[in-house]
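Student: Just dropping this structure here.
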Amino acid sequence: MINKTEQPTKSSLDVVGIGNAIVDVLTKIHDSQLEKLSFTKGSMTLIDEKEAEELYAIASNGIQSSGGSVANSLACITQLGGKAAFIGRVRNDTLGKIFTQEISRSGTIFNTPPSSKGPSTARCLIFVTPDAQRTMCTYLGASVLLEPNDLNFSFVEEAKILYLEGYLWDNPEAKKTFIKAAGIAKNADRKVALSLSDSFCVSRHRESFINLVEDHIDILFANEEEITSLYKTSDLNLAIKKLKTNCNIAIITRGANGSILILNGDKININPFIIGEAIDTTGAGDLYAGGFLKGLSSGMDPIISAKIGSICAGQIVTQMGSRSNVNLSDLISKYIDNC
């Protein structure tokens, strides 16, 4: 049940997000150690609960924080002074408590009841090598148990933007939750945003993702690999041409090459903000989305919003983890004034 003191009044929330509730565990590791674990550098591998326990034993002395793509974006929004709420599933275990406490500490409202049975709380073991590459091993656990009954109708109706995480599309019940939430948001005249999350996830659900974008999505986030996978082409320009007919606002992130904003059929290049040496790319796309959504929900121009997102991404790669250790609002004021 929702605490009445947290019930949003009309449009009191900027963004409500639905996604995987995952505890991120970040650990620095040498290339030789990564080779012994037999994971491909830079990859994301789904693992089972036994593997998760074994890797957690190795990495548990690292940085632990509430994670998952959408959760990271919402924490960024609250750090920028916005109001956000998260809907996701954890188990009533130690990691579930860590997730709940940490995301609440960020200022994000989170009150989805935890599962009392079934798989344990999801975790992502992130191994960061000296070249700033992140290799992720993800156990989805309880996060995939999200179902339509978990929806907080009030949050979805009142938030200016509903933000959905593509990773959840793998689970049929979570998929139903997405569609229901998008319908509620549309009926309330709210915007719906989607992160494609992962190129392999896109390839598994290409046609249904395309239908989702055409029928429900106002704002799309993707990287180059995801958007070319969506339209089954190796040509980024061809993918963008197809995207223009399906979505009014889209962001394609390109790492050190900046990003591309698609706005009502126009293609606008957004330069990257190089704020320091890149030591960990974890959360870069998530922080970009958070900055962009905060700007847009505050009534800012999409181009300015994209620059805000780029600044947030430029900062987060200079440190370990996906929670900025500097004041993002001050950083944005400094760089936007000079744009």
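The values are calculated or read from the model by the stated rules, or taken from the named source; none is laboratory data. Model, not experiment: these values are computed from the prediction. Cβ: placed from backbone, ideal geometry, glycine included. Neighbour counts: every protein chain shown.
Student: With respect to residue 217, is the statement that it is under 21 Å from residue 160 (Cα atoms), crowded, with 18+ Cβ neighbours inside 10 Å and not basic (Lys, Arg) true?
Tutor: Yes.
Student: Another question, then. Check off (1) in contact with a Cys (Cβ under 9 Å, 6 or more places away or on another chain); (2) assigned to a helix (DSSP H, G or I) for residue 36 and give me the number that stays unchecked.
Tutor: Residue 36 satisfies every listed condition except (1).
Student: Residues being buried (at least 16 other Cβ atoms within 10 Å of the Cβ) and closer than 28 Å to residue 128 by Cα: count how many of those fall in the range 237-293.
Tutor: Counting residues in the range 237-293 that are buried (at least 16 other Cβ atoms within 10 Å of the Cβ) and closer than 28 Å to residue 128 by Cα gives 25.
Student: Regarding the range 180-187, can at least one residue be identified that is part of a helix (DSSP H, G or I), without any contact (Cβ under 8 Å) to a residue 24 or more places away in the chain, aliphatic (A, V, I, L, M) and surrounded by 16 or more Cβ atoms within 10 Å (Cβ to Cβ)?
Tutor: No, because not a single residue in the range 180-187 is part of a helix (DSSP H, G or I), without any contact (Cβ under 8 Å) to a residue 24 or more places away in the chain, aliphatic (A, V, I, L, M) and surrounded by 16 or more Cβ atoms within 10 Å (Cβ to Cβ).
Student: I'd like the full set of residues that are over 20 Å from residue 126 (Cβ atoms) and at pLDDT below 90, limited to the range 310-333. Lay out the reasoning, then the answer.
Tutor: Initially, the range 310-333 is screened for residues over 20 Å from residue 126 (Cβ atoms), giving 310-311, 326-333.
Listed by number, the list is empty, since nothing qualifies.
Student: Using the structure shown, decide if residue 182 is of a type in the set (A, V, I, L, M) and within 18 Å of residue 141 (Cβ to Cβ).
Tutor: Judged against the criteria, residue 182 is not a match.
Student: Check 285, 276, 309, 299 and return the single one that is in contact with a helix residue (DSSP H, G or I) (Cβ under 6 Å, 6 or more places away or on another chain) and either of a type outside the set (Lys, Arg) or within 15 Å of residue 260 (Cβ to Cβ) (or both).
Tutor: 309
Student: Continuing with the same structure: Of all helices (runs of 4 or more DSSP H) completely enclosed by the range 192-236, which ones contain at least 1 residues that are at positive phi, touching a Cys at 6+ places or on another chain (Cβ under 7 Å) and not hydrophobic (A, V, I, L, M, F, W, C)?
Tutor: The helices (runs of 4 or more DSSP H) meeting that bar number zero.
Student: Looking at (1) closer than 18 Å to residue 133 by Cβ; (2) touching a Lys or Arg at 6+ places or on another chain (Cβ under 7 Å), which one does residue 321 not meet, given that it meets all the others?
Tutor: Answer for residue 321: the failing condition is (2).
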